1. Output the relative contact order of the chain, whole-number percent, from Cα pairs under 8 angstrom with separation of 6+ residues.
2. Would you kindly calculate the translational diffusion coefficient of region 230-311, applying Stokes-Einstein with the Kirkwood radius from alpha carbon pairs, for 4 °C and a viscosity of 1.567 mPa s, and quote it in µm² s⁻¹ without decimals?
3. Here are some pairs, 58/253; 33/99; 200/304; 58/258; 18/95; which of them have Cα atoms lying more than 23 Å apart in this structure?
4. Roughly how many nanometres apart are two label points built 7 Å out from the Cα toward the Cβ at residue 97 and residue 294?
5. Taking every DSSP beta bridge with both residues inside the chain, roughly what % is antiparallel (nearest 5)?
6. Among 291, 164, 280, which comes first, then next, by fewest other beta-carbon atoms within 10 Å?
7. Quick one: which of 175-187, 70-82, 248-260 comes out on top by average Cβ neighbours within 10 Å, and what's the full order, highest first?
8. So, in Å, what gap is there between the alpha-carbon centers of region 129-179 and region 277-311?
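None of the figures in this text is laboratory data; all of them are computed from the coordinates on show. Just so we're clear, the structure is a prediction, and the values are computed from it rather than from any experiment. Cβ placement follows ideal geometry from the backbone for every residue including glycine, while neighbour counts extend to all protein chains displayed.
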Amino acid sequence: MDSTCEETLQEPGANGHKPVLLKEVVRLLNPSKSQTYLDCTFGGGGHTRAILESADCKVVAIDRDPAAAARAEKFKAEFGDRFEFYPVRFSQLDKLQTKGYAGILFDFGVSSFQLDDASRGFSFMRNGPIDMRMNNSEGPTALQFIRSIDEFELTKILREYGEERRAKKIAHRIKEVDGHISTTAELASAIAEAAPSHEKTHPATRAFQAIRIALNGELDEIESALPKAFDILSEGGIMAAISFHSLEDRITKRFFKKVCGLPQGNFDRTCAQDRVKLAELLTRKPITPSEDELRDNPRSRSSKLRAVRKD
Ligand SMILES: C[S@@+](CC[C@H](N)C(=O)[O-])C[C@H]1O[C@@H](n2cnc3c(N)ncnc32)[C@H](O)[C@@H]1O
């Protein structure tokens, strides 16, 4: 994995969420008057606000987290008809009534609001229940999930979604203790006992990320969302996606290459005449944060922005 999750040891969290690659996103989307943009990851609304403030346009936003829906209420009061919010998941994008967006943005992963709220259980640095649900009003918590699967399945999850080399040891230890633990601190210390780390990152970084991704079906959500989003993008519209780890980035990169009629990688044996070009790749190399942004917001460090323009 290029890098691990957004959580850093040096900075447990600013007040609220600092939107990542904000200027770069606005430059790419280039919002213009009377156009409608879709923000698929509203979070704290940082990107939505920048779009709404840069032109007299409209933003439709979604987020699966009920806490984001509550924050969106304030945007409705502030921006009126220029802003709409729907509490749905990426995979439900085809249910949106509005089609023909001039720009669509994804900013994957979790927000600082989620990471920094101990009661949401996303963080090994803040002690709380082992929850990790992006929508904490439905489905099993991470603890219930861990208890419901066997050691083999947990090993697979740690390997696939955390690219954790010590997956077997960690899974074995978690399954030894999962009946007796209830907090993120207990889970993190079980992981650290099984696989102490001498690196800068906490030994639980990859395991927490893996469990979170599996619990929330994050990669399936992205796989299902990208083509649906591309369908509702207008001709000449821009689709941009910010990823935070190589699993998200790989899905995005392959999808963008596919719609641009390019080989998705060395494994792609599709004949040239069978490729269909539906878009222009705007980022041959991903856009990454500037030195200033890295200094100001260490959590941006693994972010990568890619974009295409629909033909
Ligand atoms: C990194 S944050 C976005 C921050 C936002 N751009 C800002 O400036 O405040 C990602 C957000 O996407 C939401 N999210 C993640 N996966 C989702 C999905 N499959 N469907 C809907 N929302 C999702 C999370 O709940 C979180 O609020």
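1. It rounds to 22 percent for the chain.
2. The estimated diffusion coefficient comes to 94 µm²/s.
3. The pairs that break the limit, which is 23 Å between Cα atoms, are 58/253; 58/258; 18/95.
4. According to this spin-label approximation, the distance is 4.7 nm.
5. 40 percent
6. Values: 291 7, 164 26, 280 15.
Ordered from fewest to most neighbouring Cβ atoms within 10 Å, 291, 164, 280 come out as 291, 280, 164.
7. Numbers: 175-187: 16.2, 70-82: 13.4, 248-260: 20.5.
Ranking the peptides 175-187, 70-82, 248-260 by packing returns 248-260, 175-187, 70-82.
8. Rounded to whole Å, the Cα centres lie 31 Å apart.
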